[in-house]
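Report on one structure; see the data block that follows.
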Amino acid sequence: MKKVGIIMGSDSDLPVVEKAIKTLESLEIPFEVHVYSAHRTPEQAKDFAVSARENGFGAIIAAAGKAAHLAGALAANTTLPVIGIPIKSSTLDGLDALLSTVQMPSGIPVATVAIDGAENAALLAAQIIAVSDSALAEKLDNRRSSASANVLAKNAAISEQYNK
Ligand code: RP5
């Protein structure tokens with residue numbers, strides 16, 4: 001199975017990124033986690049992206065806050081799909097990172113999830129890998145069925161309480 005690369009701009013992003021790690025683990029998808037910054041270690045970030053395809057990756061998740069150029073900088077150096085997680089790590093509550101990540105110029109796409117949306121980033125990476133992996137696609141279907149069942153159980157409990 002292709003690996004997912006998880007790159008974060010700083011280890012201070014880890015509390016959010018851990019949700020993506022746990023989600024990939026729960027789906028038994030292989031991954032690597034690295035701290036590479038678009039600004040502080042631009043060469044290492046570029047090297048990772050340039051060699052990611054030949055190193056067995058199928059998708060890259062990039063988490064960064066503030067002037068968050070990491071996802072775009074990685075996407076500039078690979079045609080693998082790059083998923084950006086804008087991190088809420090500044091006085092601007094993540095809006096700065098959201099706009100920096102989502103507003104890519106034509107030709108270099110970044111699929112941007114919500115501010116701190118690490119679980120969805122992992123699920124989107126999983127769905128990308130699952131395009132050519134039917135066993136993983138089945139796991140994703142099962143996960144959705146289980147989430148639906150949870151909501152229906154909550155509806156039943158609320159209905160029991162209020163809808164006499
Ligand atoms: C960004 O700046 C990082 O992704 C992090 O969200 C933010 C703050 O980094 P630290 O100063 O905590 O290392 O590049």
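The table below gives the values:
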| item | result |
| --- | --- |
| Qualifying residue in the range 114-128 (condition: surrounded by 11 or more Cβ atoms within 10 Å (Cβ to Cβ), without any contact (Cβ under 8 Å) to a residue 12 or more places away in the chain and closer than 20 Å to Lys2 by Cβ) | yes |
| Conditions (1) within 16 Å of the ligand (Cβ to nearest atom); (2) under 14 Å from the mean Cα position of the chain (by Cα); (3) in a loop (DSSP other than H, G, I, E, B); number of the one not met by His39 | (2) |
| Looking only at the range 1-36, and only at residues there that are buried (at least 19 other Cβ atoms within 10 Å of the Cβ) and in a helix (DSSP H, G or I), the one that is nearest to the ligand (Cβ to nearest atom) | Asp13 |
| Candidate set from the range 55-71 (those that are away from the ligand (no atom under 13 Å from the Cβ) and surrounded by fewer than 24 Cβ atoms within 10 Å (Cβ to Cβ)); member that is farthest from Thr23 (Cα to Cα) | Asn55 |
| Subset of the range 72-96 (residues that are among the aliphatic types (A, V, I, L, M) and within 10 Å of the ligand (Cβ to nearest atom)) | Ile85, Ile87 |
| Where a residue in the range 134-154 is surrounded by 10 or more Cβ atoms within 10 Å (Cβ to Cβ) and its partner, wherever it lies, is assigned to a helix (DSSP H, G or I), with Cβ under 7 Å and at least six apart | Leu136/Ala126; Leu136/Ile129; Leu136/Ala130; Ala137/Ala130; Leu140/Ala126; Leu140/Gln127; Leu140/Ala130 |
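Only the coordinates and a few stated rules stand behind these numbers; no lab work does. Small disclaimer: the values here were computed from a predicted structure and weren't measured. Heads up, the Cβs are rebuilt from the backbone with ideal geometry, glycines too, and the neighbour counts pull from every protein chain shown.
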